[in-house]
Amino acid sequence: MEIKFTLQGLLVYLTMAAYLAAFVATSLRRARLGHILFLAGFAISVIAYGYRWNHVRHVPLQNLFEVFLSLGMLCYPISLFSRRVLRIGGQWADMVIGTIVLFPAGFVFNAEPQQLPPALQSWLFAPHVAVYMFSYVFMGKAFFQACEHLLTSPRTDSPFLPPEQATYEMICVGFPLLTLGLILGSYWGKQAWGDYWGWDPKELWSLVSWLVYVAYFHVRYMFGRRHARLNSQLAILGMAAIIITLLWVNLSRLFPGLHSYAS
Amino acid sequence: MGIMGNSMNEFRRAILWTALAVIALLTVLSIYGAFIGAERAQEFFNRIPLAVYWMFFAMLLAVAIVVFPRLVRVPGLLTVHAGCILILAGGMWGSKLGNDLQRRLLRIEKIRDGRMVIYEGTSENRVLLDDAGRVSKALPFSLRLKDFRIEYYQPANLYIETRDGRRWKVPVEVGKQFALGEGLGTAKVVRAFENFKMSKQDGKNVFLDDPNAGSNPALEVQIAQPNGQVATRYVFEKFPGHSQGQDAFLLSYHRAISDFISEIEVVENGKVVAAKDVEVNYPLHFGGYHFYQSSYDDKAGQFTVLSVYSDTGLYIVYAGYWLLCLGAVWHFWLRHALKRLRPKSA
């Protein structure tokens, strides 16, 4: 663990502080103040991302520092979209997700700029990684909603969708992005390495994530809400598979493969 | 009718349970595949029992489309499931087993995958099929390598490290001095070599950039100490950590590769019929094959290695990708978005 004494590090810490303050304010029933702080955190994260982009001179999605930086930036717009368009609450959870995903960027991963190796110099690089980032944040929200469903008793006074339904809606939004990420990656693999499916550990784990959500849809179709807890458990399992895909594959020596440059 | 309906429902339920079992099995197999590494996983997923599994999976999807009216009625679901069938069918058709079957049953003689080693200025049509390069097959055309080159990001970097772990990254600019801080002096790159060679002339060591074939990138670096003493050191890209025991600094030279480029011409019946600069992400497609920049001669830069892949089954898989993506986007997003918009326009 290291503290980054750089402007980039400072911007990450400020964003985290704003997200945390937003969470505290929301918990103290100061929803408006919480929202303003969340928005401020987002604004700082955009500056942090823009600064990084200018620094490395390519879309900053190459390594885990940049990936987590982008995840931290996406939390606010996705939270706003979910609240306004889909009637899904849990804004407090989005502030927590934002803080959690920025933690590794701030304290764990190396921020030294890297030049793009030849394999990453493709028009598919940005869309392939970006759609995955969006889908991961949606699935992260689904995970929190599923946990809420399993751990809390149902509320009747909430203006938002009940957690089980909200989990489903979030997965419905995230799943096409997950599919697109998988397919863009496969197409890119064909362009760069020769085969559209290389049986690489990261590919297989991303397939596992996709299959868990496919199973979720089939189980929900089969049982409806008769086994609602099972639906939520599958949504949690899906998030576990995503975390393994995102982190373990790049960090663990167990799974060396073609995607190791992303570590 | 009631009995018929009941048995149909039972059948549908059985199909759904089977689908869940098939998905669960693929999930478990994929996790297993991730643990054994790409090479063994590829071999594992191409075995006969797995071929039976893939076939069963594709048939199950087809049966599901037939027995679930909802899968036909809802366009998004139909395209998603049909897309999966195409991906499985294309994958099987283009697999090693699929190629073997095509050779035996349809007498289609096509190389599935391999690699070509081509020297600069020569033509080659042999595709090496095994790692040792003992088994090969000929293509009906040849590839000629006009030139192979590697491009690097500019500037390259010289890394300077003290014995106590302080480190500097210095952009390589010949003639420019770099201050290392108080009490440590300065460093200056005096000369950059592409192919460093040393020879003896009149009993003295002479260092030169050899214009002949070969590659030994190096830097001549002068370290000036605060007391005025100047030491000259040679830093080699291919031999990191090469330093003298009494040196205060460890030096290393690093150039980041930005591109590998093979200038290729396709020669058929003695005529050049196509030409392309093959780079990573920009393969050559000709005669039902894709040719990829894969490796090169890292000692002298005299030859390139291209990997070769047949395009058999590829476009069926791509069609499946399109259907799967369009179906998912339509079913989960667009039809809901359109529903939301409709009342407003009404």
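The values are calculated or read from the model by the stated rules, or taken from the named source; none is laboratory data. Not measured: the values here are computed from a predicted model. Every residue, glycine among them, receives a Cβ derived from its backbone with ideal geometry; neighbour counts consider all protein chains shown.
Look at (1) at pLDDT below 95; (2) part of a helix (DSSP H, G or I); (3) surrounded by 23 or more Cβ atoms within 10 Å (Cβ to Cβ) and you find that A:MET222 fails only one, number (3). When the stretch B:42-66 is examined, which residues are found to be farther than 19 Å from A:TRP199 by Cα and within 14 Å of chain A (Cβ to nearest Cβ)? Answer for the stretch B:42-66, where residues must be farther than 19 Å from A:TRP199 by Cα and within 14 Å of chain A (Cβ to nearest Cβ): B:LEU60, B:LEU61, B:ALA64. For A:GLN145, the stated conditions do not hold, so it cannot be described as more than 11 Å from chain B (Cβ to nearest Cβ), surrounded by fewer than 19 Cβ atoms within 10 Å (Cβ to Cβ) and not aliphatic (A, V, I, L, M). Being under 26 Å from A:GLU112 (Cα atoms), under 34 Å from the mean Cα position of the chain (by Cα) and either loosely packed, with under 10 Cβ neighbours inside 10 Å or not β-branched (Val, Ile, Thr) (or both) is the filter here; which residues of the stretch B:159-200 pass it? Listed by number, the residues that qualify are B:TYR159, B:GLU161, B:ARG167, B:TRP168, B:LYS169, B:PRO171, B:GLU173, B:ALA192. Please determine whether any residue of the stretch A:158-168 is touching a residue at least 12 places away in the same chain (Cβ under 8 Å), farther than 25 Å from A:ALA119 by Cβ and within 12 Å of chain B (Cβ to nearest Cβ). The answer is yes, given that some residue of the stretch A:158-168 is touching a residue at least 12 places away in the same chain (Cβ under 8 Å), farther than 25 Å from A:ALA119 by Cβ and within 12 Å of chain B (Cβ to nearest Cβ). Scanning the stretch A:110-125 for residues that are at the interface with chain B (Cβ under 7 Å from one of its Cβ atoms), of a type in the set (S, T, N, Q) and either in contact with a strand residue (DSSP E or B) (Cβ under 8 Å, 6 or more places away or on another chain) or over 22 Å from A:LEU182 (Cβ atoms) (or both) turns up A:GLN115, A:GLN121. Meeting the requirement of 1 or more residues that are surrounded by 19 or more Cβ atoms within 10 Å (Cβ to Cβ) and away from chain A (no Cβ under 12 Å), the strands (runs of 3 or more DSSP E) wholly within the stretch B:265-346 are B:303-310. Selection within the stretch A:239-263: residues that are modelled with pLDDT of 65 or more and more than 12 Å from every other protein chain (Cβ to nearest Cβ). The member of this set that is farthest from B:GLY33 (Cα to Cα) is A:MET239.
Among the residues of this structure, B:ALA248 does not count as one that is closer than 30 Å to A:PHE81 by Cα and either at pLDDT 95 or above or among the hydrophobic types (A, V, I, L, M, F, W, C) (or both). Evaluate the stretch B:142-165: report whether one residue or more is at positive phi, in contact (Cβ under 8 Å) with a residue 60 or more places away in the chain and touching a strand residue (DSSP E or B) at 6+ places or on another chain (Cβ under 9 Å). Taking every residue of the stretch B:142-165 in turn, none turns out to be at positive phi, in contact (Cβ under 8 Å) with a residue 60 or more places away in the chain and touching a strand residue (DSSP E or B) at 6+ places or on another chain (Cβ under 9 Å).
The number of residues in the stretch A:54-66 that are within 15 Å of the chain's Cα centre (by Cα), within 19 Å of A:TRP123 (Cβ to Cβ) and assigned to a helix (DSSP H, G or I) comes to 1.
The sole residue among B:LYS238, B:LYS271, B:LYS204 that is under 30 Å from A:SER122 (Cα atoms) and of a type in the set (Lys, Arg) is B:LYS238. Tell me, please, whether a residue that is buried (at least 17 other Cβ atoms within 10 Å of the Cβ), basic (Lys, Arg) and within 23 Å of A:TYR132 (Cβ to Cβ) can be found in the stretch A:4-18. No, there is no match, as no residue in the stretch A:4-18 is buried (at least 17 other Cβ atoms within 10 Å of the Cβ), basic (Lys, Arg) and within 23 Å of A:TYR132 (Cβ to Cβ). What pairs can you find where one residue is in the stretch B:16-41 and under 16 Å from A:TRP248 (Cα atoms) and within 7 Å of chain A (Cβ to nearest Cβ), the other is of a type in the set (Asp, Glu) and in a helix (DSSP H, G or I), and their Cβ atoms are less than 7 Å apart, with a gap of 6+ or different chains? No pair meets every condition.
So, restricting to strands (runs of 3 or more DSSP E) that lie completely within the stretch B:201-264, which ones have at least 2 residues that are crowded, with 17+ Cβ neighbours inside 10 Å?
B:218-224, B:230-236, B:249-254
Scanning the stretch A:71-103 for residues that are polar (S, T, N, Q) and buried (at least 24 other Cβ atoms within 10 Å of the Cβ) turns up A:SER79, A:SER82.
So is A:TYR216 more than 30 Å from B:SER310 (Cα to Cα), in a helix (DSSP H, G or I) and touching a residue at least 24 places away in the same chain (Cβ under 8 Å) or not? Yes; evaluated as a whole, the condition is true for this residue.
Restricted to the stretch A:187-232, and to residues there that are polar (S, T, N, Q) and in contact with a helix residue (DSSP H, G or I) (Cβ under 7 Å, 6 or more places away or on another chain), the residue that is farthest from the other protein chains (Cβ to nearest Cβ) is A:SER232.
Residue-by-condition table, conditions (1) assigned to a helix (DSSP H, G or I); (2) under 19 Å from the mean Cα position of the chain (by Cα); (3) of a type in the set (D, E, K, R):
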site: A:ASP94; (1), (2), (3): yes, yes, yes
site: A:VAL101; (1), (2), (3): yes, yes, no
site: A:GLY106; (1), (2), (3): yes, yes, no
site: A:SER122; (1), (2), (3): no, no, no
site: A:ALA130; (1), (2), (3): yes, yes, no
site: A:PHE134; (1), (2), (3): yes, yes, no
site: A:PHE143; (1), (2), (3): yes, yes, no
site: A:ASP157; (1), (2), (3): no, no, yes
site: A:ILE171; (1), (2), (3): yes, yes, no
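Can you find a residue that is modelled with pLDDT under 95, under 22 Å from B:ASP130 (Cα atoms) and among the charged types (D, E, K, R) anywhere in the stretch B:256-274? Checked against the condition, which is being modelled with pLDDT under 95, under 22 Å from B:ASP130 (Cα atoms) and among the charged types (D, E, K, R), the stretch B:256-274 yields no hits at all. Kindly check whether there is at least one residue in the stretch A:35-48 that is under 26 Å from B:TYR153 (Cα atoms) and buried (at least 23 other Cβ atoms within 10 Å of the Cβ). Yes, the stretch A:35-48 contains at least one residue that is under 26 Å from B:TYR153 (Cα atoms) and buried (at least 23 other Cβ atoms within 10 Å of the Cβ).
When A:ALA31 is tested against the conditions (1) buried (at least 16 other Cβ atoms within 10 Å of the Cβ); (2) over 29 Å from A:LEU120 (Cα atoms); (3) modelled with pLDDT under 95, the lone failure is (1).
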